[in-house]
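One structure below.
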Amino acid sequence: MSALPGTIAEAARRIAAREVSPVEFVRAALARAEALQPVLHAFLRLTPERALEEARAAEARQMAGALRGPLDGVPVAHKDILETAGIPTTAHSRLLEHHVPRRDAAAVERWAAAGAVTIGKLATHEFAWGGPSFDLPWPPARNPWDPSRFTGGSSSGTAAAVAAGIVLGGTGSDTGGSIRGPAALCGIAGMKPTFGLVSRRGVIPLAPSLDTVGPMARTAEDCALLLQPLLGHDPADPSSLDRPAPDVLSGLAGGVAGLRVGVLRHFHERDLPATGAVAAGVEHAAEVFASLGATVREAELPALSAFNAAGWLVMAAEAFAVHEAWLRTRFRDYGEILRERLVLCGLVSAADYLAAQRRRRELNAAIAAAMQEHDLLLCAAAPAEAPPLGAVPRFAGIETLNLTYPFNLSGQPAITVCAGFGEGGLPVGVQIAGRPFEDALVLRAAHAFEGAAGWHRRRPVM
Amino acid sequence: MPDPMPEEEFALLVTRAGIRLTAEEAERIRGVTGHLLAYMRSVRADRPLDAEPATIFRPVEPGR
């Protein structure tokens, strides 16, 4: 057997049992990537030489009984805002079309050290914000459940490649929901860890007080396997927390019995009315948690609009600081969507930014108070199933609200998992959020939900 | 749609940012500034003068 299995956990078992060589897995991933590229545009480039070299090294370790762990020999790919040595890292932008870093980003290095095999660089929204755009050097990624539909963003290529079974995992980054949003629209799992637990060295920034790197995969268990080697202090990243890396694997099967789950219904019922399928997904998840022994109750936070106001202003001011010089000198090299959003960002004053940061602190206090009553919060991840690519608002995030900002502002861990299917067989997702540094509990709850609900087993036909 | 930023103020801020827009771009972007102004109003509140300026952000572990 050489076809790529559905999950990292299964791939690891088969590699450890010597049923299959990592070289076979990687060849299968590369072949599927090439076959689906004309439909999905998930990749900006494949790196077959590097991939096969790494796969052969993994195969040698396999034969020597010296595997480095569950990621050894597993094909993955990286969002193209994570730098890769000797391989262009473009942020999906004309501005960086010829940017070739000298060193891998910390997350790329850590997965490589764990034996994961990089097969290529993945599409993103331009500089992790402006998309879907059709005026860039590369087209936007498309949703494997229906290629006429949006993947969500900005970790668009990662979501598409994982959902389509091209790779078993990939990196995403989440500033205002860029892991959890596409995970919802593409029917996979996507984890935003606690801010400061995963190094951002070598990651092209969007808004540094919010940017978080995390894993995307088919399941919460795979997210845990991918997250574990990313955890740990990195003095090269000023936001990296100097504390022991938490263990997110050993308690994964612990279940949710006895936990208190708060359901944030007002997010999707009152603040941002969602489709019936999304509402049904949240109710379904609440019922599953209750059936598994959790205590499920209503939870309440400030209105979503308050989180969006603070989140958008913080992100805007920081993004403008990142892009200010290029906006003055290379304005027309940006795609239209991003450059027009960045013009709006330039209207935000220092006083607006500080007022937004103060509001952020107040909102975080409200979340912290809610989390004294609840161990976990459950809410929708996106207000609807994936829209047609042409129907995404140009100024999304300011013309429309999103459901993911609250946990970016607070820095707490949150995961999206698939919770059902709606219109046209398109997936819907729910978010499960935990207290800061309780990433293991979030993954444990998501794993329990998936085991009982089973939605993660459904795959797009491609 | 909330009222957009007045044209003169918008033009001034865009110029200050060092960005040159076509008239069509300027109108399209100014058209959504009402949402931006609503966000700006939303984050302002009466706070004590000594309120913590919140320029430093760090998640807090439960129990610490």
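Each reported figure results from applying straightforward, stated rules to the coordinates on display, with no laboratory input. Bear in mind the structure is a predicted one, so any value in this text is a computation, not a measurement. Ideal geometry is used to build each Cβ from the backbone, glycine not excepted, and the neighbour counts take in all protein chains shown.
Beta carbons within 10 angstrom, averaged per residue: use that to sort the peptides A:87-93, A:53-59, highest first.
On the way: A:87-93: 24.6, A:53-59: 20.1.
Answer by packing, highest mean first, reads A:87-93, A:53-59.
In nm, what is the difference between 0.36 nm times the number of residues separating A:Asp135 and A:Arg56 and their Cα-Cα distance? Could the numbers behind the result be given before it?
Details: separation 79, 0.36 × 79 = 28.44 nm, distance 3.84 nm.
Once the chain is fully extended between A:Asp135 and A:Arg56, it gains 24.6 nm.
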Across peptide A:394-401, what mean number of C-beta atoms from other chains lies inside 10 Å of a residue's C-beta?
-> 3
Counting only residues 5 or more places away or on other chains, whose amide H sits under 5 Å from the amide H of A:Phe43 once H atoms are built in the peptide plane?
-> A:Ala123
For A:Glu423 and A:Ala365, extending 7 Å from Cα along the Cα-Cβ vector and measuring point to point gives, in nm, a value of 4.1
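Only Lys, Arg, Asp and Glu count, each charged at its Cβ (+1, +1, -1, -1), so figure out the dipole size of the protein assembly as shown about its Cα centre, rounded to 20 debye.
On the way: 52 positive and 57 negative charges, 147 e Å.
It comes to approximately 700 debye.
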Got the relative contact order for segment A:8-457 handy, in percent, Cα pairs under 8 Å and 6 or more residues apart?
-> 17
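Please compute, for peptide A:344-354, the average count of beta-carbon atoms on other protein chains lying within 10 Å of each residue's beta-carbon.
Working: counts 7, 2, 7, 14, 4, 3, 0, 2, 6, 2, 4.
Partner Cβ neighbours, averaged per residue: 5.
Rounded to the nearest angstrom and ordered from largest down, what semi-axes does the equivalent ellipsoid of the protein assembly as shown get from its C-alpha gyration tensor (root of 5λ)?
Each semi-axis is √(5λ); the values are 34, 27, 21 Å.
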Paramagnetic reach from A:His98 (point 7 Å along Cα→Cβ, amide N under 14 Å) across segment A:322-351 = none
Averaged across the residues of A:74-87, what count of C-beta atoms belonging to other chains lies within 10 Å of each residue's C-beta?
-> 0
Highest to lowest packing among A:351-360, A:99-108, scored as the average C-beta count within 10 Å | A:351-360, A:99-108
Could you grab the relative contact order for segment A:68-198? Cα pairs under 8 Å, six or more apart, rounded to a whole percent.
-> 24
If a helix is a whole DSSP H run, which ones in chain A reach 24 Å or further along their own axis (Cα) and hold a mean Kyte-Doolittle hydropathy of at least 0.0?
-> A:22-40, A:304-329
Relative contact order of segment A:217-283, defined on C-alpha pairs under 8 angstrom at six or more residues apart (%) = 20
Segment B:14-37-segment A:403-462 distance, computed between alpha-carbon centres (Å) = 37
